[in-house]
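Structure provided below as structure tokens; questions to follow.
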């Protein structure tokens, strides 16, 4: 290692234990200029999403019975929080007032629904009878009867 490089490392590392606050560079400015702004934007987006979800969730719970549309499980009391609103077209901004794009699903069925959607996106829609398994071509017991007859002789 050259002397110049090693001196640079010592100088650079000496700042690590200095008394300056984290996130402030040597000139006193924020080292991450958009960090607070970014956190504010993210918090705003999350807040708006929560408000939007509350609105259409409450509407869906008024329109539909508290039953999972897939497995038929009933929900009431504290368990009602396990019932989620699923957007049939997977567009969370499509919230018609009549609820035609919603269905109530339990957490488990909702996860299955989205996994099927992701699989369909990745691998294409499954066709009935279109994905037949290839039968095995090797038959290990095909000549067993002949072998047993020869052994008895």
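If you take the beta carbon distance between residue 98 and residue 51 as r and set R0 to 22 Å, what does 1/(1 + (r/R0)^6) give as a FRET efficiency, to the nearest 0.05? Provide the component values of the computation, followed by the final result.
Numbers: r = 21 Å, r/R0 = 0.93.
My answer for the efficiency is 0.60.
Once the convex hull of the alpha carbons of the stretch 44-124 is built, what does its volume come to per residue, in cubic angstrom?
Numbers: hull volume 8.5 nm³, N = 81.
So the per-residue Cα hull volume is 105 Å³.
Still on this structure: So if we plug the beta-carbon distance of residue 78 and residue 42 into 1/(1 + (r/R0)^6) with R0 = 30 Å, what FRET efficiency do we get, rounded to 0.05? If you can, show how the numbers build up before the last one.
Values: r = 30 Å, r/R0 = 0.99.
With a Förster radius of 30 Å, E is 0.50.
The numbers here are math on the coordinates, done by the rules we state, and not lab data. Computed from a prediction, not measured in an experiment: that's the story for all the values here. Methodologically, a virtual Cβ is constructed for each residue, glycine included, from the backbone with ideal geometry; neighbour enumeration extends over all protein chains shown.
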